[in-house]
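**Student:** Here it is, the structure in full.
Here, each number is a calculation from the coordinates, and none is a lab measurement. Here the structure is a predicted model, which is why all the values come from computation and not from measurement. Glycine also receives a Cβ, built like all others from the backbone with ideal geometry; neighbour counts cover every protein chain displayed.
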């Protein structure tokens, strides 16, 4: 009944009727069908029969299927979407999601476009993965100019060897962050009922990720933390990390986390120590492995962030910096710790100009209202913000792991 050619069909009807619709799509010459409907393999034997009939109808004509049991696709640059949720604006950015669940093109998408600042390139919800699967998407995305970071949520892999080979061809070009559920016996059972996926042995999948240089995470919080770091910051040249905190305890615990995550607390140069010493009051002295900024605040107040970041940006012994920030209202403008958010943002931007290859991450705490304002101001300027030092250090550890992988591929540097 449609006179013109049809490239894509979005199918959202009861599962028993879908095979017939696939035959009609195949006859029309449709190239792609996004099947939102559920009730297929994940629902038992009858659903598995519908899924197989749907596949047979599609394959006869070369019709490809995304799904079923998914909300499908979002493309920020073309403003194309198949999700049934009200998505009115998607900020364009470097992150592409491949997901074996509809939540990425649904509720999590709403969270990202209203709360996160990194921006999206594409979201591809694969659902049951009856046809189009992760490996061929990796092959496409590794050369996609709009995609700089690839994030994957999966519950199972149909062709492990093909996935490994695609992953190994992709990670030298772009970071791939993977959240695979079904890590435990219980999780594997739930995955089978969710998308009909066999989760497989977790230790084997873990080894695949390490071999290919992919970054594996355990939950959505960690996934978003890592995505933000990769999307907003450069890959560091090494793994020497320095922490700047208004608290001595914050410094000590952060140094523990740096070591625990396999990085090295930076050893500041003699020149850096001397420059820092000039900022400290007579009763305090700097450390070689962290910057306790509390005494510096007492000496120079709001200049602290800009002066300290300027010094650290020029130290070749520092590969990455985490800065602990206090957010205060104007009622506390006479406090030595008070810094206007525009002045704070400028301090980070100036440091980034001095050291464009050093990741700069912020931790913001303080008065609730101001935390949100400082957070947004920093992230809009491209500085990722975290609610705690451990989470910021963990995010930097992902950048450092990927840096080590890239350096290992490049081989030893010539003297």
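**Student:** Indicate, rounded to the nearest 5 percent, the antiparallel portion of the DSSP beta bridges found entirely in the chain.
**Tutor:** On the way: 5 of 48 bridges.
Antiparallel bridges: around 10 percent, rounded to the nearest 5.
**Student:** With r defined as the distance between the Cβ atoms of residue 220 and residue 91 and R0 fixed at 22 Å, what FRET efficiency is calculated, to the nearest 0.05? Don't jump to the answer; show the numbers that get you there.
**Tutor:** Numbers: r = 19 Å, r/R0 = 0.87.
The value I calculate is 0.70.
**Student:** Pairs of alpha-carbon atoms within less than 8 angstrom and 6+ residues apart define the contacts here; what relative contact order does the range 73-232 have, in percent? Can you show the working numbers first?
**Tutor:** Values: 282 pairs, mean separation 34.6, N = 160.
Normalised by residue count, the contact order of the range 73-232 is 22 percent.
**Student:** At q = 0.08, 0.09, 0.11 Å⁻¹, what is the log10 ratio I(q)/I(0) for the chain, with the Debye formula run over Cα points and no solvent?
**Tutor:** Debye output, listed in q order: -0.51, -0.62, -0.85.
**Student:** Something else now. Using the count of nearby Cβ atoms within 10 Å as a rough guide to exposure, how do 385, 291, 336, 6 rank from fewest to most?
**Tutor:** On the way: 385 21, 291 26, 336 16, 6 13.
Lowest count first: 6, 336, 385, 291.
**Student:** Still on this structure: To the nearest 10 degrees, how steeply does helix 202-212 sit against the main Cα axis of the chain, on a 0 to 90 scale?
**Tutor:** Relative to the chain, helix 202-212 is tipped by roughly 70 degrees.
**Student:** To continue, here is another question. Taking Cα atoms, how many degrees apart are the long axis of helix 304-313 and the longest axis of the chain, rounded to 10 and kept between 0 and 90?
**Tutor:** 70 degrees
**Student:** What's the Cα-based Rg to Rh of the range 233-355, Rh via Kirkwood? Write out the running numbers ahead of the final one.
**Tutor:** Numbers: Rg = 14.0 Å, Rh = 14.7 Å.
Radius of gyration relative to Kirkwood radius: 0.95.
**Student:** Also, quick follow-up: Within a 10 angstrom radius of the beta carbon, how do 299, 333 rank from fewest other beta carbons to most?
**Tutor:** Details: 299 16, 333 11.
Fewest to most other Cβ atoms nearby, the residues stand as 333, 299.
**Student:** In whole percent, what relative contact order does the range 257-380 give with Cα contacts below 8 Å and a gap of six or more residues? Let's see the in-between values first.
**Tutor:** Working: 152 pairs, mean separation 30.2, N = 124.
Over the range 257-380, the number comes to 24 percent.
**Student:** Once Rh for the range 73-232 is found with the Kirkwood sum over Cα pairs, what is the Stokes-Einstein diffusion coefficient at 4 °C and 1.567 mPa s, in µm²/s?
**Tutor:** Numbers: Rh = 15.7 Å.
Diffusion coefficient, whole number: 83 µm²/s.
**Student:** I'd like the orientation of helix 341-354 relative to the chain: the angle between its Cα long axis and the longest Cα principal axis, in ° from 0 to 90, rounded to 10.
**Tutor:** Around 90 degrees separate the two axes.
**Student:** Which value at 222 nm does the chain reach when only helices count, each DSSP H run of 4 or more adding -39,500 (n - 2.57), with the total divided by all residues and rounded to the nearest 500 deg cm²/dmol?
**Tutor:** Working: 15 runs with 178 residues, N = 415.
Value at 222 nm, helices only: -13500 deg cm²/dmol.
**Student:** When only C-alpha pairs under 8 Å and at least 6 residues apart count, what is the relative contact order of the chain, in percent? Present the calculation step by step, with values, prior to reporting the outcome.
**Tutor:** Working: 829 pairs, mean separation 48.0, N = 415.
Computed over the chain, the figure is 12 percent.
**Student:** Now, a different point. Could you put 375, 283 in order, starting from the residue whose Cβ has the fewest other Cβ atoms within 10 Å?
**Tutor:** Details: 375 21, 283 7.
Fewest to most other Cβ atoms nearby, the residues stand as 283, 375.
**Student:** Then there's this: Starting from the Cα of residue 271, step 7 Å toward the Cβ, then list every residue of the range 349-372 with an amide N under 15 Å from that point.
**Tutor:** Those under the cut-off are 354-355.
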